[in-house]
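J.: Sharing a structure with you now.
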Amino acid sequence: MSWQTYVDEHLMCEIEGQGQHLSAAAIVGHDGSDWAQSSAFPQCTPNEIADIMKDFDEPGHLAPTGLHLAGTKYMVIQGEPGAVIRGKKGSGGISIKKTGQALLFGLYEEPVTPGQCNMVVERLGDYLADQGL
């Protein structure tokens, strides 16, 4: 299965049969290289990916300054140290799951809830991690 198929069919999928979808999603290598992304995923900078990776290595690194993606600032909210970073901005937010080789990004806006976004991103991330990816 291609990385783009994972994004299209597993991250941008319909959520819980309610006709709702994440607003954007991507799979990015730990080095910041784009593996696959939805058409609406914003272009992030190498420094933003480096800061996200640093927060996985040093949980709490992003808390004082916020999480930035393509220049948009998200308030960091409770995640799972070393495994998941979650952020909130207005009525939307972001969930980032780290696997052995990649970062999975999911962005959402209402009516999608934070919990729904987390479930979609973390379910695929857990599957990929179990596959050694």
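The values are calculated or read from the model by the stated rules, or taken from the named source; none is laboratory data. None of the values given here were measured: they were computed from a predicted structure. Cβ sites come from the backbone with ideal geometry, for glycine too, and all protein chains shown count toward neighbours. Just the protein is used for accessible areas: all its heavy atoms, side chains included, with ligands, DNA and RNA removed. Shrake-Rupley method; radii C 1.70, N 1.55, O 1.52, S 1.80 Å.
J.: Which condition number does Asn47 fail, the rest of (1) in a helix (DSSP H, G or I); (2) open to solvent by less than 70 Å² (accessible area, probe 1.4 Å) being met?
T.: Result: Asn47 fails condition (2) only.
J.: Name the pairs: first residue in the stretch 16-32 and more than 23 Å from Gln101 (Cα to Cα) and modelled with pLDDT of 95 or more, second residue of a type outside the set (Phe, Trp, Tyr) and surrounded by fewer than 21 Cβ atoms within 10 Å (Cβ to Cβ), Cβ to Cβ under 6 Å, at least 6 apart or on different chains?
T.: Close Cβ pairs (under 6 Å, with a partner that is of a type outside the set (Phe, Trp, Tyr) and surrounded by fewer than 21 Cβ atoms within 10 Å (Cβ to Cβ)) amount to Ser23/Glu109.
J.: Mind telling me which of the residues Gly79, Gly92 ends up being out of contact with any His (no Cβ under 8 Å at 6 or more places or on another chain), in contact (Cβ under 8 Å) with a residue 24 or more places away in the chain, surrounded by 16 or more Cβ atoms within 10 Å (Cβ to Cβ) and more than 21 Å from Asp34 (Cα to Cα)?
T.: Unique residue meeting the criteria: Gly92.
J.: For Gly82, work out the one condition from (1) out of contact with any Ser or Thr (no Cβ under 8 Å at 6 or more places or on another chain); (2) at pLDDT 95 or above; (3) not hydrophobic (A, V, I, L, M, F, W, C) it doesn't fulfil.
T.: (2)
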